[in-house]
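Take a look at the structure below.
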Amino acid sequence: MGNIAMPLTVAIPMLFAVLILVTGKFWRGVGSYLGPLAAFIILYLSFVLLGVKDTTYIMGGWIPPIGIVMVLDGLSKLMLIIINGIAFFSIIYAISYMSKYTAQFKFYALFLLMVAGMNGVVLSGDLFNLFVFLEIASLASYALVGFGVESEELEAGFKYLILGSVASIVILFAIAVVYNITGTVNMADVANTIGNPMLNKAVIFALGLFIFGFSLKAGLVPFHAWLPDAHPSAPAPVSAMLSGVLIKALGIYALIRVTFSVMGAPTEILSIIMWLGVVSTLVGVLLALGQYDLKRLLAYHSISQMGYVALGIGLGTPEGIAAGLFHMFNHATFKSLLFLDAGSFEQSTGTRDLRQMGGLMKKLPITSIGTLAGSVSISGLPPFNGFWSKILIIAAALASKQYLAAAIATFVAFGTLASFVKVMRFSLIGPLPKIYQNLKESPFSMTFSLLALSIICLISGLFYIFLMDSLFYPATNAILKQSAYISMVLGIGG
Amino acid sequence: MLLYILNMLVFGLGLYCLIAKRHIIKKIIGMVIIEYSVNLFLILVGYRINGIAPILSPGENPIVFSQVAVDPLPQALVLTSIVIGLGTLALMAAYSIKLYEKYRTFDMSEINRLKG
Amino acid sequence: MKKEKIKELIEDPNLGMTLIVKTVARITIALILLYGFYIIIYGHLTPGGGFAGGVILAIAYTLMMLAFSRRIALVKLSDFWASIWDNIGMLAFIVIGFVGLGFGYFLFNFLSKGKPFSLISAGIIPLLNLSIGIKIGAALYAIFIGLSIYGRLVLEEEE
């Protein structure tokens, strides 16, 4: 009974979140024990699910399309690994980082609720449950962005809250339109009854609404206005989760699920996604070049790198999708690593401004190694993982004769390199300012996460062929084989 | 059809309120109006002219009942969406109080410390 | 001790609204609470259920707070205990789901379904309604009291 782990990946973080809230009233430090424990359990469960063959889980014994169904396929397995892996390292990091906040048990509870919501999004088999879990994850993240209750954090959080709610409502509207056409919200059932989506104007309308909503959640240009405010304002572990996982699980994953598994990937829609991606890569990197605030610079790079993912997905070829998914995995590792590094710098030096840093290599060696690994990965230097995914995306774009997109992607890769050369030049080398003479390296729980994520960046670059075969091509197959998805959920045709 | 048009009018009104007004509370009200117009749309989707409430009473024939009752699923979905909307609304209210404490204003155009 | 304090606070003319409002509220609060529990308990038979009933429960407490004063509401149910009840409701829901896991599926309806249209029927659904009702009632009350206490603090700071 391996598939019993599927509801548990959602239920266990929720259970622990409530337990932390109840016991936290009497013992404030409880979160730093129960939180990492829950994160470890769900990480273990997601590795268990990696070995289970594709299956469904029916909630409460009601068969689909009447009942609620959870679906496990290659894409969900990949997303579970990404979400729970990054969540585990972020929460370990948070043990030391969050200890300065007063209500830290609330942080752990919200964090676990957010993880539960994201796990629910990637496992859910019907559109409405996807919306509900998306809202759970979003609500927790709105509260987490403003967790520090400083004025800038509140401003960014409110902006994020308004724009995120608009996106959620638009998604609900699209679900209502889909329900009006098909009379069901089960994804496989919708896919079964909808036929060719481009023949029905209402379906095109719904698809447009879905693309608007999910692109806003993913932070693709021109819907990116909230991202560079919200991501830097949050505490570092939350920034790592938001930039590393949330925009992927709520944005890109849901977009893939709706366009490929439900609507059958019409080419016009795919090219829209691709050009959204291309514009995002370019605009993101151009805006990032002028930044001196480290976390804000990283947030702009998130927009740019999500553009790469959307570009790969939008190509629609197996190579392009696999490369896009590979880049999504890589972006999760190196962007959360960089945000955690930025948090470590901020905690030691008290500033995020690159111009006030310098020579930190001598004082903060492990953080600097993490920054180095993350920067090299994101700028795409071999043998780190960012290099392979970028070159695969560009190769896939060339193979499908999208020369302009490939040229822009190559140009953006150099822009990213330039931007991160600046980061390393300002923060790691150069003269050490006098006020930083007595800096100490961050505590163990922070450096552990940084080192572990750096090693993952290196290893996934060295063994990328193995990873492609075991993770990304199964996920690509799951995306492209719509009929297999329908028959697995509804049990028709074996 | 008229109902749908009126519904979209409400949606547009909410959107106007959200975009054009600078007062935080007015923005929140616009948000809520949009939310309820979408909820209303979901209800309209499941509505059947001269339909009865989808509650089975004792002794009623379920098959006949299912042909005259309105669709209950959108109503269940709307209830869930209302609960979510309530959570969002509470969070927005809390944010607006906190913002007022820090900035001493409800005017969104004066709340602009984030740049770049 | 607690009862005496409540009595003292009720009779204090400086707290809360006028005598008319207080007298009406004293009668209606009990009825509203009763109606809330009715909606929750009959949730599986008639329209309503955990959420609607929970909102009504919260309204009863909110009415008490508006008619008498915030202090008396806090003596009756403090924000601390409202938050605890809130979490207990959610915990009960999840625990029921986990018990169902023992019978094969998460949230499986493991109790006997009983006869249709009778009060004790539908297995675990009344229990789920009850836990949601407690959760929503306590949570809405806690939200209202939190916003009101905090908003007042901000205003006082300004003066």
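The values are calculated or read from the model by the stated rules, or taken from the named source; none is laboratory data. Note that the structure is a prediction, hence the values are computed from the model and not measured. Here the Cβ is made from the backbone with ideal geometry for all residues, glycine too, and neighbour counts use every protein chain on show.
Key figures
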| read-out | value |
| --- | --- |
| Which numbered condition C:Ile84 misses (of (1) within 14 Å of chain A (Cβ to nearest Cβ); (2) more than 30 Å from B:Ala53 (Cβ to Cβ); (3) buried (at least 20 other Cβ atoms within 10 Å of the Cβ); (4) at pLDDT 85 or above) | (3) |
| Subset of region B:92-116 [among the hydrophobic types (A, V, I, L, M, F, W, C), at the interface with chain A (Cβ under 8 Å from one of its Cβ atoms) and either surrounded by fewer than 17 Cβ atoms within 10 Å (Cβ to Cβ) or under 28 Å from the mean Cα position of the chain (by Cα) (or both)] | B:Met92, B:Leu99, B:Ile111 |
| Scan of region A:317-330 for residues that are more than 12 Å from the chain's Cα centre (by Cα) and either farther than 17 Å from A:Phe214 by Cβ or charged (D, E, K, R) (or both), ordered by number | A:Thr317, A:Pro318, A:Glu319, A:Gly320, A:Ala322, A:Ala323, A:Phe326 |
| Of all residues making up region A:210-239, the number that are in a helix (DSSP H, G or I), among the hydrophobic types (A, V, I, L, M, F, W, C) and under 20 Å from A:Leu161 (Cβ atoms) | 7 |
| Spans of helices (runs of 4 or more DSSP H) in region A:81-187 with at least 3 residues within 11 Å of another protein chain (Cβ to nearest Cβ) and free of Cβ contacts under 8 Å to residues at least 60 places away in the same chain | A:127-145, A:151-182 |
| Which numbered condition C:Asn109 fails, given (1) among the polar types (S, T, N, Q); (2) closer than 30 Å to A:Gly67 by Cβ; (3) surrounded by fewer than 17 Cβ atoms within 10 Å (Cβ to Cβ) | (3) |
| Test: residue in region B:77-91 that is at the interface with another protein chain (Cβ under 7 Å from one of its Cβ atoms) and not in a helix (DSSP H, G or I) | no |
| Helices (runs of 4 or more DSSP H) contained entirely in region A:385-494, each with at least 1 residues that are under 28 Å from A:Leu340 (Cα atoms) and out of contact with any Gly (no Cβ under 7 Å at 6 or more places or on another chain) | A:385-399, A:403-427, A:444-462, A:464-467 |
| Which listed residue is in contact (Cβ under 8 Å) with a residue 24 or more places away in the chain, crowded, with 17+ Cβ neighbours inside 10 Å, within 14 Å of chain A (Cβ to nearest Cβ) and farther than 25 Å from C:Arg152 by Cβ, from C:Gly36, C:Gly50, C:Gly89 | C:Gly89 |
| Selection status of C:Phe98, within 11 Å of chain A (Cβ to nearest Cβ), touching a helix residue (DSSP H, G or I) at 6+ places or on another chain (Cβ under 9 Å), modelled with pLDDT of 75 or more and in a helix (DSSP H, G or I) | yes |
| Positions within region C:5-24 being within 17 Å of C:Leu74 (Cα to Cα), assigned to a helix (DSSP H, G or I) and among the hydrophobic types (A, V, I, L, M, F, W, C), in sequence order | C:Ile6, C:Leu9, C:Ile10 |
| Residue match in region C:108-115 (condition: more than 14 Å from every other protein chain (Cβ to nearest Cβ) and charged (D, E, K, R)) | no |
| Some residue of region C:67-78 being under 27 Å from B:Leu86 (Cβ atoms), among the charged types (D, E, K, R), within 15 Å of the chain's Cα centre (by Cα) and away from chain A (no Cβ under 13 Å) | yes |
| Test: residue in region C:117-134 that is within 12 Å of chain A (Cβ to nearest Cβ), closer than 25 Å to A:Met14 by Cβ, of a type outside the set (S, T, N, Q) and in a helix (DSSP H, G or I) | yes |
| Check on B:Ile84, among the β-branched types (Val, Ile, Thr) and exposed (fewer than 15 other Cβ atoms within 10 Å of the Cβ) | no |
| Counted residues, region B:64-76 - those being more than 29 Å from A:Ala174 (Cα to Cα) and facing another protein chain (nearest Cβ under 8 Å) | 0 |
| Residues of region A:456-477 classified as farther than 14 Å from A:Lys77 by Cα and touching a helix residue (DSSP H, G or I) at 6+ places or on another chain (Cβ under 8 Å), total | 6 |
| Region A:322-373, residues that are polar (S, T, N, Q) and in a helix (DSSP H, G or I) | A:Asn330, A:Thr333, A:Ser336, A:Ser344, A:Gln347, A:Ser348, A:Thr349, A:Gln356, A:Thr367, A:Ser368, A:Thr371 |
| Filter result for A:Leu340 (under 27 Å from A:Tyr93 (Cα atoms), in contact (Cβ under 8 Å) with a residue 60 or more places away in the chain and over 23 Å from the mean Cα position of the chain (by Cα)) | no |
| Number of the exception - A:Ala202 against (1) assigned to a loop (DSSP other than H, G, I, E, B); (2) over 29 Å from A:Phe472 (Cα atoms); (3) among the hydrophobic types (A, V, I, L, M, F, W, C) | (1) |
| Condition check for A:Asp73: more than 14 Å from chain C (Cβ to nearest Cβ), among the charged types (D, E, K, R) and either over 30 Å from A:Asp189 (Cα atoms) or touching a strand residue (DSSP E or B) at 6+ places or on another chain (Cβ under 8 Å) (or both) | no |
| Which numbered condition B:Leu6 misses (of (1) more than 10 Å from chain A (Cβ to nearest Cβ); (2) part of a helix (DSSP H, G or I); (3) closer than 21 Å to C:Gly49 by Cα) | (3) |
| Test: residue in region B:43-63 that is within 12 Å of chain A (Cβ to nearest Cβ), in a helix (DSSP H, G or I), in contact (Cβ under 8 Å) with a residue 40 or more places away in the chain and of a type in the set (A, V, I, L, M) | yes |
| Residue within region A:193-209 that is among the basic types (Lys, Arg) and closer than 15 Å to A:Val166 by Cα present | no |
| Top-ranked residue in region A:188-220 [being within 14 Å of chain B (Cβ to nearest Cβ) and more than 23 Å from the chain's Cα centre (by Cα); ranked as surrounded by the fewest Cβ atoms within 10 Å (Cβ to Cβ)] | A:Ala202 |
| All positions within region C:60-76 that are assigned to a helix (DSSP H, G or I) and either in contact with a strand residue (DSSP E or B) (Cβ under 8 Å, 6 or more places away or on another chain) or touching a residue at least 60 places away in the same chain (Cβ under 8 Å) (or both) | C:Tyr61, C:Thr62, C:Met65, C:Arg70, C:Arg71, C:Ile72, C:Ala73, C:Leu74, C:Val75, C:Lys76 |
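Here's the yes/no breakdown for (1) crowded, with 20+ Cβ neighbours inside 10 Å; (2) of a type in the set (Ser, Thr, Tyr); (3) under 13 Å from the mean Cα position of the chain (by Cα):
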residue: B:Ile5; (1), (2), (3): no, no, no
residue: B:Leu15; (1), (2), (3): no, no, yes
residue: B:Leu18; (1), (2), (3): yes, no, no
residue: B:Ile34; (1), (2), (3): yes, no, yes
residue: B:Ala53; (1), (2), (3): no, no, no
residue: B:Leu56; (1), (2), (3): no, no, no
residue: B:Pro62; (1), (2), (3): no, no, no
residue: B:Val70; (1), (2), (3): no, no, no
